[in-house]
Amino acid sequence: MSNLIIIGGPCSVESEEQIKQVYQEIKHNIDIYRGGAFKPRTSPHSFQGLGAKGLEYLRAASRKPIISEIMDTADIELFADVDYIQIGARNMQNFALLKKVGASGKPVVLKRGLSATISELLSAAEYLEMYGASEVILCERGIRTFSDSSRFTLDLAGVLKIKQETDYKVIVDVSHPAGNTHMIADLAMSSVALGADGIMIETHCDPSQALSDNEQQLTTTEFNNLITKLRALSSFMTELKN
Ligand code: PEP
Ligand code: MN
């Protein structure tokens, strides 16, 4: 794994073909392949994910480690072949889920809740560790504020605070706070310059046809171009600090 952890892939696993195709196009640029199978959607009318089948397709598509979000304690066995379990923003304080996922002993990417403080995020991480998670990586993904300049407000100072006060790895999901494609590159560059340990970005072969978050997914070409820049910036920042 390179120093900068790159997590990329579509918002959702939509079909066997789609998840294979995205992987083939970005595999050389990612450390962990993402794809949501159980989707937390605001509207019950929206695509809810393929569930267990989605996890199967994701596993079959990727030779790299995979990550997917769990929403229900009852699904934990389905995640046996998933390398990293994601706890989504809406479940950061679902303590039953934190305990169950922790007890699986797997590494976890824990996303910050929509209106959670940093100290609440750190307490949620402690739950995972106390119950047995082998590693906890924290993920800033934007919070709810009065600002309407983007979908969510990316709290880069929060990332800095965690980096300064703890030993946790912190990654930044730049897709969900942006909510569009034109802010993603700059948010990602800023996060890397700030010292984030990794970046999560959603990408799709044909974003306009995506079944979820179609407005914020980069094409695989845009994704690949951006990752090249992020890795160069990351090396430059390492040099500057040495
Ligand atoms: C996701 O990563 O697919 C997701 C739903 O993210 P969040 O929990 O940050 O909204
Ligand atoms: Mn998404």
Among Leu187, Leu230, Leu218, Leu211, the single one that is away from ligand 2 (no atom under 16 Å from the Cβ) and either modelled with pLDDT of 95 or more or not polar (S, T, N, Q) (or both) is Leu230
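Hey, can you tell me all the residues within the stretch 18-38 that are in contact with a helix residue (DSSP H, G or I) (Cβ under 9 Å, 6 or more places away or on another chain) and of a type in the set (D, E, K, R)?
Within the stretch 18-38, Lys20, Glu25, Arg34 qualify.
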Among residues of the stretch 119-155 being part of a helix (DSSP H, G or I) and more than 16 Å from ligand 1 (Cβ to nearest atom), the residue surrounded by the fewest Cβ atoms within 10 Å (Cβ to Cβ) is Ser119
Selection within the stretch 1-29 - in a loop (DSSP other than H, G, I, E, B) and either under 14 Å from Ile171 (Cα atoms) or touching a Ser or Thr at 6+ places or on another chain (Cβ under 9 Å) (or both)
Ser2, Asn3, Leu4, Pro10, Cys11, Val13, Glu14
Anything in the stretch 207-242 that is outside any helix (DSSP H, G or I) and buried (at least 16 other Cβ atoms within 10 Å of the Cβ)? List them, or say none.
Ala210, Leu211, Ser212, Asp213, Gln216, Gln217, Leu218, Thr219
Give the stretch 163-176 a look and list any residue that's in contact with a strand residue (DSSP E or B) (Cβ under 7 Å, 6 or more places away or on another chain) and either closer than 23 Å to Glu239 by Cβ or within 16 Å of ligand 1 (Cβ to nearest atom) (or both), or say none.
Lys163, Lys169, Val170, Ile171, Val172, Asp173, Val174, Ser175
Flag for Arg141 being under 15 Å from the mean Cα position of the chain (by Cα), modelled with pLDDT of 95 or more and under 19 Å from Ala185 (Cα atoms):
yes
Residues in the stretch 184-212 that are away from ligand 1 (no atom under 16 Å from the Cβ), free of Cβ contacts under 8 Å to residues at least 60 places away in the same chain and in contact with a helix residue (DSSP H, G or I) (Cβ under 8 Å, 6 or more places away or on another chain): how many?
6
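The values are calculated or read from the model by the stated rules, or taken from the named source; none is laboratory data. Note that the coordinates shown come from a computational prediction; the quantities given were computed from them, not determined experimentally. Note that each Cβ is placed from the backbone with ideal geometry, even for glycine, and that neighbours are counted across all protein chains shown.
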